[in-house]
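K.L.:
I'd like to ask some things about the structure below.
The numbers here are math on the coordinates, done by the rules we state, and not lab data. Worth saying up front: this structure is predicted, and the values here are computed from it rather than measured. Using ideal geometry, Cβ is built from the backbone for each residue, glycine included, and neighbour counts are taken over all protein chains shown.
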Amino acid sequence: MASIDLPRSPNVFHPEKPSAVGSRNSLAQDYRDQQKEVNQLLEEETNKVLHHLNAKLPKEVLERLDVMGGIKEKLYNYFNQNYQNMFNRYMVTAEDEMLKKVRGFVDREEMKVLNRYTPKEIATLLDEVGGADKFNTGEIEKSMVNMYGHLQGHIQRGVNDLETLTNSLLRQKTDVGAFVRGENAYSIVKCAFKDNIYKPKTVTDVKLSVNILDSELISPVFQYQATVEYLIKDLLSKHYMDEIDNAIEKLKDARIDQGLEEMSDGEIIFAKMNKVKEYASDDIDNPKSIRYNIIAKDLMERINNLRAEIDPATFDQLNVRENLKKIIDIENIRNRGFNTAINSLTSILDTSKMGYQYIENLKNARELILREYDDTNVAVLPDERYQIRLRYYDNAQLNEERKAYEVMIRSFETEVEHLWDVLTTRYEDSKFLTRVTDFKDLAQLYKRKIRKNIKEKSGDPLYENIAKVWDEISFVKPGETDVEKMNRTFLYEKDKLRKKLIIMRDKLKNMYDYQYPIERRVMEERLDFLENEFNKFDYIINPFHLQPGLLLDLDITSIKRKKATLDGMANCLNEFLHGVSKGFQDAAFASFSRRRSTVRADIAQTFSSDGSDEEKVAHDAAPRAQYLDMLNDEPAPASLDAPVKSAPAATKATRGPKAKEQKSGVVDGRRGRKPGTKNRTGLKEI
């Protein structure tokens with residue numbers, strides 16, 4: 001059949017014409033008797049449903065269902081409308097699309113044979129004429145990718161701004177949640193909002209400290225003084241861990257292929273531990289040790305204690321040591337992580353219109369100081385400003401920071417205690433020639449009478465003889481365990497110092513009232529100084545709460561009703577954390593497998609046993625009259641389109657020999673037979 005004999009479907013619409021749009025007939029059916037086939041199919045499906053109803057429902061119910069007309073005619077019409085309209089039209093459409101493809105293919109092949117010049121696709125022509133090197137679109141594609149990337153970045157920043165402002169409006173206040181979003185909240189070490197000292201009503205100060213751990217950095221950071229040997233060993237360790245992970249994955253796949261249960265989290269950890277001995281070794285002196293399989297022992301000895309800089313007097317470009325160091329320097333392993341973090345932070349600030357006038361990059365110390373304004377005098381700076389300090393800490397640095405922090409706490413305790421003693425002494429001197437000034441004087445006055453009239457009669461010890469463990473300033477401090485000794489919070493000490501400062505200020509007011517002698521002025525000046533310095537110190541991060549990694553210390557000053565710097569830095573910080581940190585990873589969630597959660601005993605469906613005689617009697621005793629009661633409750637005739645209400649479990653029992661068959665279980669509305677067996681109608685159930 002030539003392609004010209006096929007009707008052009010896009011231009012022909014007819015319900016009966018073969019292969020027309022919307023037609024029920026197709027030329028691909030080779031003029032079969034379609035109506036006869038449909039009638040046969042509908043008759044078979046209707047009989048299946050009728051046999052199923054006859055087998056399931058009692059005779060009384062079947063008679064009630066046929067009162068308003070034959071159910072067979074209803075089923076036939078239902079199948080005819082839905083099956084004919086949906087299935088046949090779908091098949092005709094698919095066949096028509098196939099014929100259009102065939103017709104187009106025949107037309108192209110005839111054109112190739114008839115014409116002397118054969119037209120080809122543009123891509124094929126360009127490939128044969130010039131080749132990949134002549135018609136290269138790689139640079140154009142890169143430009144398009146860059147443009148779409150920048151566009152997506154601008155859109156993302158706009159969405160972040162809108163999200164932050166919307167959340168701020170809904171909350172009607174500024175809090176930590178508006179500053180750092182939920183997925184990065186775990187990295188916050190300290191965040192505090194407080195009123196500005198000079199303008200407490202209109203300006204707020206924000207202190208935010210974020211600690212990004214070494215294990216969470218996308219690009220690892222190393223100290224500038226790290227030796228070449230340390231860098232190489234770190235690379236080897238990562239390589240070994242990757243190999244162990246690959247081996248464990250193969251082991252897990254092998255267990256699944258064998259049909260065994262998946263490994264639990266504990267089994268995976270122990271399997272990894274056992275694999276370590278295959279890649280690492282403690283035998284340092286043996287040149288044939290496993291630890292020297294990738295890099296030989298003599299090479300490791302040559303770079304021993306080799307740091308970032310070599311003494312010019314001993315430098316030789318042809319030495320093995322210098323060339324090994326050059327390979328590490330070319331890869332830029334030492335500086336890559338910290339430089340990446342700096343580039344990410346500065347580029348985000350530039351593109352977010354959060355400019356800065358002062359930046360100091362202490363590369364060798366792994367510290368970055370960045371301020372919006374060069375001046376540090378708070379009195380002359382504007383109310384919208386920020387400053388950032390980015391610092392990388394290793395474990396040794398944190399230990400020294402912790403020692404200094406503890407010494408500073410003890411120094412504050414000494415100074416506050418000294419002022420406390422001076423103020424207490426001056427207070428005691430001010431009570432000269434006064435009989436009763438406070439409770440202590442009154443207790444001393446009645447001391448003898450209390451002992452004679454009360455304590456001697458009751459036999460209880462005197463107040464002065466009882467050990468006094470409460471200082472009336474702070475509650476009794478509980479004993480320290482190893483947890484408190486290794487992770488000093490100093491919350492108890494800070495709270496005690498803060499309360500002492502408040503008590504001393506109140507005592508000064510009560511002691512002098514409206515008088516301002518030299519003693520009061522001197523003590524108030526000292527008290528103000530200690531209080532201001534203590535507040536500054538309390539604002540600093542406690543190094544006992546830090547872990548090795550990057551520390552981002554952010555100080556923001558913003559107007560309360562404007563919050564321009566606050567909103568801008570919130571977006572910058574979230575984008576910086578997204579680009580530098582890979583975030584918190586829970587190993588339990590990472591190793592969780594959905595397959596393990598679906599291995600249950602009830603999935604293997606088996607038919608239950610016949611059960612006990614008592615169960616049979618209970619099923620047989622179920623009243624069949626509930627079917628009729630259910631129908632009598634609804635006087636309207638049953639409709640096939642209406643949803644079928646599930647009958648109670650007790651009404652599913654039948655009489656006689658059917659009870660045992662029904663007891664064997666029902667799966668998906670069918671009787672509990674084995675797949676492939678024939679039912680009463682002689683049709684196989686799939």
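K.L.:
Greater than 31 Å separation of Cα atoms is the criterion. Which listed pairs, K275/K297; K403/K499; K363/K494, meet it?
P.N.:
Details: K275/K297 22 Å; K403/K499 25 Å; K363/K494 35 Å.
In this structure, K363/K494 lie more than 31 Å apart at Cα.
K.L.:
Report ³J(HN,Hα) in whole Hz for each residue of the stretch 431-448, in order, from the Karplus equation J = 6.51 cos²θ - 1.76 cosθ + 1.60 where θ = phi - 60°; Gly and Pro get x.
P.N.:
8, 5, 6, 10, 6, 9, 10, 9, 5, 4, 5, 5, 5, 5, 5, 9, 4, 5
K.L.:
Could you work out the mean projected area of the convex hull around the alpha carbons of the stretch 397-547, in square nanometres to one decimal?
P.N.:
Numbers: hull surface 49.7 nm².
Hull-based average projected area comes out at 12.4 nm².
K.L.:
Cut-off is 10 Å between beta-carbons; in what order do E484, E525 appear when sorted fewest neighbours first? Working shown, then result.
P.N.:
Values: E484 13, E525 10.
Ranked by crowding around the Cβ, least crowded first: E525, E484.
K.L.:
Once amide H atoms are built 1.01 Å from N in the peptide plane, which residues 5 or more positions from V203, or in another chain, come under 5 Å H to H?
P.N.:
Hits under the 5 Å cutoff: N196, K560.
K.L.:
Just rank M504, M511, M486, fewest to most, by other beta-carbon atoms within 10 angstrom.
P.N.:
Working: M504 22, M511 17, M486 9.
By the 10 Å Cβ count, ascending: M486, M511, M504.
K.L.:
Say each of Y224 and Q152 gets a label point 7 Å from the Cα, pointing the same way as Cα to Cβ; how far apart are those two points in nm?
P.N.:
3.6
K.L.:
Take the Cβ-Cβ distance between I450 and E417 as r, set R0 to 30 Å, and report the resulting FRET efficiency rounded to the nearest 0.05. Mind showing how you got there, number by number?
P.N.:
Numbers: r = 31 Å, r/R0 = 1.04.
Rounded to the nearest 0.05, the efficiency is 0.45.
K.L.:
Go ahead and run the numbers for FRET between T434 and S474, Cβ-Cβ distance against an R0 of 22 Å, rounding to 0.05.
P.N.:
Calculated transfer efficiency: 0.15.
K.L.:
Residue by residue, what Karplus-based ³J(HN,Hα) values in Hz, rounded to whole numbers, does the stretch 305-316 have, using 6.51, -1.76 and 1.60 with θ = phi - 60° and x for Gly and Pro?
P.N.:
So the J values, rounded to whole Hz, are 6, 8, 9, 5, 10, 10, 4, x, 5, 9, 7, 9.
K.L.:
Identify the residues of the stretch 545-580 with backbone N under 16 Å of a label point that sits 7 angstrom from the Cα of N343 along the Cα-to-Cβ direction, or state none.
P.N.:
Counting backbone N atoms under 16 Å from the label point, the list is 576, 579-580.
K.L.:
May I ask you to order 276-288, 379-391 by the average number of other C-beta atoms within 10 Å around their residues, highest value first? Could the numbers behind the result be given before it?
P.N.:
Working: 276-288: 11.5, 379-391: 16.2.
Packing order, densest peptide first, comes out as 379-391, 276-288.
K.L.:
Between K277 and L251, how many nm apart are label points set 7 Å from Cα along the C-beta direction?
P.N.:
1.3
K.L.:
To one decimal place, what orientation-averaged projected area in nm² is obtained for the convex hull of the Cα set of the stretch 455-519?
P.N.:
Working: hull surface 34.1 nm².
That works out to 8.5 nm².
K.L.:
Please give the FRET efficiency for D161 paired with E141, using the beta carbon to beta carbon distance and R0 = 22 Å, rounded to the nearest 0.05. Spell out each step's value before the answer.
P.N.:
Numbers: r = 31 Å, r/R0 = 1.39.
It comes to 0.10.
K.L.:
Can you pull the semi-axes for the stretch 228-331, root of five times each eigenvalue of the Cα gyration tensor, sorted largest first, whole Å?
P.N.:
So the three semi-axes of the stretch 228-331 are 39, 14, 10 Å.
K.L.:
Taking every pair of alpha-carbon atoms in the stretch 403-457, give the share separated by more than 12 Å as a whole percent.
P.N.:
When all Cα pairs of the stretch 403-457 are counted, 75 percent exceed 12 Å.
K.L.:
Exceeding 21 Å between C-alpha atoms, which entries from my cross-link table qualify? They are K48/K72; K431/K452; K447/K477.
P.N.:
Working: K48/K72 11 Å; K431/K452 27 Å; K447/K477 30 Å.
Going by Cα-Cα distance, K431/K452; K447/K477 fall outside the 21 Å limit.
K.L.:
Which order do the peptides 455-467, 230-242, 422-434, 553-565 come out in when sorted by mean C-beta neighbours inside 10 angstrom, highest first? Intermediate values should be presented prior to the final figure.
P.N.:
Numbers: 455-467: 9.4, 230-242: 14.9, 422-434: 12.0, 553-565: 17.5.
Highest-to-lowest ranking by the protection proxy: 553-565, 230-242, 422-434, 455-467.
K.L.:
Continuing with the same structure: Give a residue-ordered list of calculated ³J(HN,Hα) values for the stretch 497-504 (Karplus: 6.51 cos²θ - 1.76 cosθ + 1.60, θ = phi - 60°; whole Hz; x for Gly, Pro).
P.N.:
Rounded to whole hertz, the list is 5, 5, 5, 5, 4, 5, 5, 5.
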